[in-house]
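A short write-up of the structure that comes next.
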Amino acid sequence: MARSPEEIQREINNAREALAGTLDQLVERANPKRIVDSGKKSVQDFLKSPKGRAVVAAVGGVVILLVARRINLSIKNHRDD
């Protein structure tokens with residue numbers, strides 16, 4: 001059965017509206033401010049979790065050890081001069 005011009009136009013209009021809605025969703029998802037805010041919240045949530053705190057403590061411990069080693073080597077090299 002052939003479609004009437006009115007039916008075809010209605011389908012085109014429906015498709016256009018659906019595409020416009022999809023485009024609006026994509027624009028919202030790609031909004032740089034929203035992406036930054038979302039990433040910031042994710043990092044804050046992770047750092048508040050027990051796993052995040054353990055990671056921060058481990059990284060802090062490694063940094064302290066590296067700084068102490070560097071100071072120790074610097075003092076040792078300075079004595080040898």
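Within the chain, what is the number of lysine pairs with alpha carbons under 30 Å apart, leaving out pairs fewer than eight places apart on the same chain? Walk me through the numbers before you get to the answer.
Numbers: 33/41; 33/48; 33/51; 40/48; 40/51; 41/51.
Within the chain, the lysine pair count is 6.
Suppose only helical runs count, i.e. DSSP H with n ≥ 4. What mean residue ellipticity at 222 nm does that imply for the chain under -39500 (n - 2.57) per run, divided by all residues and rounded to the nearest 500 deg cm²/dmol? Walk me through the numbers before you get to the answer.
Numbers: 3 runs with 73 residues, N = 81.
Using -39500 (n - 2.57) per qualifying helix, the result is -32000 deg cm²/dmol.
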Under the √(5λ) rule applied to the eigenvalues of the Cα gyration tensor, what semi-axes describe the equivalent ellipsoid of the chain? Give them in Å, descending. 64, 15, 9
State to the nearest 20 debye the size of the charge dipole of region 2-63 about its Cα centre, where the only charges are +1 on K and R beta carbons and -1 on D and E beta carbons. 580
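Values quoted throughout were computed directly from the atomic coordinates according to the rules given, and no laboratory measurement underlies them. Bear in mind that the values here come from a model prediction, so they are computed numbers and not experimental data. Counting neighbours? That spans all protein chains shown, and the Cβs are built from the backbone with ideal geometry, glycine included.
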